[in-house]
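Since the structure comes first, as structure tokens, the remarks are kept for the end.
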Amino acid sequence: MNVPFLDLKQTYLELAKEVDAAVKSVLKNGWYILGENVESFENEFAEYCGCKYCIGVASGLDALQLLLKAHGIGPGDDVIVPANTYIATALAVSNIGANPVPVEPDPLTCNIDPQRIEEALTVRSKAVMAVHLYGQTADMKRIQTICQKHKLKLFEDASQAHGATHNGIKAGVLGDAAGFSFYPGKNLGAFGDGGAVTTNNANVAEYVRNARNYGSEKKYYNTIKGVNSRLDEIQAAVLRVKLKHLDEWNSRRSDIARIYLESLNFLDGRLIAPVTGEGNSHVWHLFTVQSNLRDKLQAYLGQKSIETLIHYPVPFYSQAAYQELSHLKGNFPISSAVADQTLSLPLGPHLTKERVDYVCETINAFF
């Protein structure tokens, strides 16, 4: 039996009639940039998240960069980020001239450890970028308290948490602003790149809306030095279709995660289960296990035609792109352990129970 990590083809086939009609409507209309579909999706996603404003942009990375600039974060400023996040979070900070300051995660949830944030603060600290890793939010209540105490801005990298909640409040409205990615593999994924900023701040929304379009509020009149970062009409049309199914597909992911949690042998400590934080509803963008036999397990599963991935094998501070942080490599034992031991199992709204059972049987047989 062949088990792909994520079957994106099936995500199209289930919605083919709706998606085809939406795309054809854009093509027939002849308006391809910043048209009615982008505006409608922005309104619909803002309503879904429970915020006042959503601004569509070209990628999740652009969303993070623009929301930072909208809040005046820039050269010389320090921004706290999780040490084990995907490099895009750090790039958003360094690309605008600020400094990403890595902080260890909670070893159970793998989200940033609030207790360690205060230890990493400096006189240059201006913000915390909390990443909702794997599909559940960071401990935002505790982080909010820390940010209020030290007068820091709080941002969400919600790229893996479409629909996740913390104490009943959806990701996207748990801080001053949030950045989302609509990369095809996300819970809410387009058929290409895309992203969005969500916020309740009208000034931030106006800045991002202008900045994404060359800094222009009115065509050919530019009020700020902007960029070209626009969610296109076809992707917005696709996202409008898929947004209607997001909760159902997240529910399917939760059903699969439940099977993993109930069927895999986590009893002897050689395989460690993911933990959901208090007050969180998990949307299971990824189902990650940990094992000190990770590499052997991955190779074994590959031999059995089960595709797995590692999120992420090299922490950003150890990447060649961040040579200036190379002196920090030995300072993050938890992040290093996560990088060395974490394995992401197949998961998606179209993964059949037969395939999930096969994955569980194969893993249990390995151990």
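The values are calculated or read from the model by the stated rules, or taken from the named source; none is laboratory data. Values in this document were obtained by computation on a predicted structure and should not be read as measured data. Don't worry about glycine lacking a Cβ; one is built from the backbone with ideal geometry, like all the others, and counts go over all protein chains shown. Surface areas here come from the heavy atoms of the whole protein model, side chains and all, with no ligands, DNA or RNA. Shrake-Rupley method; radii C 1.70, N 1.55, O 1.52, S 1.80 Å.
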Expected output for segment 142-171 (first residue farther than 27 Å from Y312 by Cα, partner among the acidic types (D, E) and open to solvent by 20 Å² or more (accessible area, probe 1.4 Å), Cβ below 8 Å, 6+ apart or cross-chain) is I146/E118; H150/E118
Restricted to segment 308-331 and to residues being over 20 Å from S94 (Cα atoms) and part of a loop (DSSP other than H, G, I, E, B), the residue least open to solvent (accessible area, probe 1.4 Å) is T308
Out of (1) under 19 Å from the mean Cα position of the chain (by Cα); (2) assigned to a helix (DSSP H, G or I), the one A22 does not meet is (1)
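Within segment 170-256, considering only strands (runs of 3 or more DSSP E) that don't extend past its boundaries, which have at least 3 residues that are under 20 Å from the mean Cα position of the chain (by Cα)? Break it down into steps so the answer makes sense when it comes.
On the way: elements: 177-181, 195-199, 216-218.
Result: 177-181, 195-199.
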Taking first residues from segment 30-47 that are touching a residue at least 12 places away in the same chain (Cβ under 8 Å) and within 21 Å of G179 (Cβ to Cβ) and second residues anywhere that are assigned to a loop (DSSP other than H, G, I, E, B) and open to solvent by 70 Å² or more (accessible area, probe 1.4 Å), the pairs with Cβ under 7 Å that are 6 or more apart or on different chains are A46/K52
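Filter segment 25-38 down to the residues that are among the hydrophobic types (A, V, I, L, M, F, W, C), open to solvent by 30 Å² or more (accessible area, probe 1.4 Å) and either modelled with pLDDT under 95 or not in a loop (DSSP other than H, G, I, E, B) (or both) and list them by number. It would help to see each step written out before you state the result.
Initially, segment 25-38 is screened for residues among the hydrophobic types (A, V, I, L, M, F, W, C), giving 26-27, 31, 33-34, 38.
Remaining after also requiring open to solvent by 30 Å² or more (accessible area, probe 1.4 Å): 27, 31, 33-34.
Matches in segment 25-38: L27, I33.
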The lone condition K52 fails out of (1) in contact with a strand residue (DSSP E or B) (Cβ under 7 Å, 6 or more places away or on another chain); (2) in contact (Cβ under 8 Å) with a residue 24 or more places away in the chain; (3) closer than 19 Å to G179 by Cβ is (1)
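For every residue, the table says whether it meets (1) open to solvent by less than 60 Å² (accessible area, probe 1.4 Å); (2) closer than 27 Å to N167 by Cα.
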| residue | (1), (2) |
| --- | --- |
| F5 | yes, no |
| E14 | no, no |
| V23 | yes, no |
| S40 | yes, no |
| N43 | no, yes |
| C51 | yes, yes |
| C54 | yes, yes |
| S59 | yes, no |
| Q65 | yes, no |
